[in-house]
Amino acid sequence: MTAALSAEGLHTYYGKSHILHGVSLSVAEGKITALLGRNGAGKTTTLRSLMGLTPAREGKITIFGEDTTRWPTFRVAASGVGYVPEGRRIFANLSVEENLKVPLERGGPWTIERIYKLFPRLEERKLNRGRQLSGGEQEMLSIGRALLLNPRLLILDEPSQGLAPLIVREVFRIVQQMKAEGISVLLVEQNARMSLEIADDAYVLDDGIVVYSGPAHELAADEARVRALAGAS
Ligand code: ATP
């Protein structure tokens with residue numbers, strides 16, 4: 001199985017704080033990989049390193065067979081990686097439609113019309129400003145914006161954060177739909193139980209170290225471990 005992404009031995013720092021201590025992980029093509037762990041374990045830092053936002057000081061990153069270790073973020077994104085950051089980062093003063101027009105359409109399967117088909121709610125709200133949207137609508141907009149870059153790999157940082165349970169279900173359903181579209185997904189989540197239901201593979205980070213890597217169903221079967229992950233959120 002080809003890897004959409006693989007990282008080997010990442011060491012990342014914020015100034016003198018050593019945050020990632022040799023993180024290795026891989027996202028199989030066409031699969032959902034969950035990256036779990038309690039608050040402060042280093043999940044967001046891992047994603048930032050993969051995107052070149054906080055480059056790793058040591059280690060190697062390969063995305064779709066290319067060594068992207070020293071690539072600037074725009075180049076990583078342009079190579080087909082859609083990044084949906086924690087907190088959504090939509091433009092509060094722009095309308096939904098204007099937010100969707102920010103990424104230049106690259107000519108590929110995803111268009112604004114298709115985003116509206118996937119998220120009818122966004123079409124209803126297309127003239128509303130970002131700040132008027134609910135958390136769930138903001139998440140849909142953030143995912144929609146990433147899809148317009150026609151990514152082959154989608155990296156999601158805590159998409160369910162702060163959402164009501166019903167909306168969380170909806171977001172997880174959308175992630176599964178991305179997989180059905182052939183997009184590989186790296187999903188960072190606090191919601192371990194639901195992530196493991198939809199993920200193929202899983203990693204658990206603790207203090208910047210990978211403490212589990214394997215099939216999602218095996219981790220899901222380890223009740224005590226899942227409870228510990230959930231309890232920490
Ligand atoms: P969360 O679920 O809270 O987002 P996380 O697993 O994503 O947790 P990170 O955000 O990667 O964890 O944080 C890992 C560690 O790095 C934490 O100890 C955090 O305090 C520290 N950290 C994060 N951002 C910075 C920063 N900009 N400067 C210094 N330290 C940071």
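The values are calculated or read from the model by the stated rules, or taken from the named source; none is laboratory data. Values in this document were obtained by computation on a predicted structure and should not be read as measured data. No Cβ is skipped: glycine too gets one built from the backbone with ideal geometry, and neighbour counts run over all protein chains shown. Ligands, DNA and RNA are stripped out before the accessible areas are found, and what is left, the full protein with its side chains, is counted by its heavy atoms. Shrake-Rupley method; radii C 1.70, N 1.55, O 1.52, S 1.80 Å.
Before moving on, here are some points about what is shown:
- Debye, to nearest 20: dipole size of the chain, +1 on Lys, Arg Cβ, -1 on Asp, Glu Cβ: 620 debye
- A cut-off of 5 Å between modelled amide H atoms, ignoring neighbours fewer than 5 places along the same chain, links TRP71 with no other residue.
- For segment 61-138, the solvent-accessible area works out to 55 Å² per residue, with a probe of 1.4 Å and every protein chain left in place.
- Accessible surface comparison of HIS21, HIS11, probe 1.4 Å, protein chains only, largest first: the order is HIS21, HIS11.
- Peptides 51-57, 136-142 ordered by average Cβ neighbours within 10 Å, highest first: 136-142, 51-57
- Counting charges near GLU139 (Lys, Arg +1; Asp, Glu -1) among other residues having Cβ under 15 Å from its Cβ returns a value of +2.
- The GluC sites (Glu not before Pro) of segment 31-89 meeting both criteria, a DSSP state outside H, G, I, E and B (loop) and at most 16 other C-beta atoms within 10 angstrom of the site's C-beta, are GLU86.
- Helix-only CD estimate at 222 nm, as mean residue ellipticity for the chain, using -39500 (n - 2.57) per DSSP H run (n ≥ 4): -9500 deg cm²/dmol
- Solvent-accessible area of THR44 with every protein chain in place, 1.4 Å probe, in Å² to the nearest 10: 40 Å²
- For the chain, the fraction of 1.4 Å probe accessible surface lying on carbon and sulfur atoms is 51 percent.
- Ranking LEU166, ILE155, ILE115 by how far each Cα lies toward the positive end of the dipole of segment 3-230 (charges on Cβ) leaves ILE115 at the top.
- Prolate/oblate/rounded call for segment 102-233, Cα gyration tensor, a/c under 1.5 rounded: prolate
- Taking the Cα atoms of the chain, the ratio Rg/Rh between the radius of gyration and the Kirkwood radius comes to 0.95.
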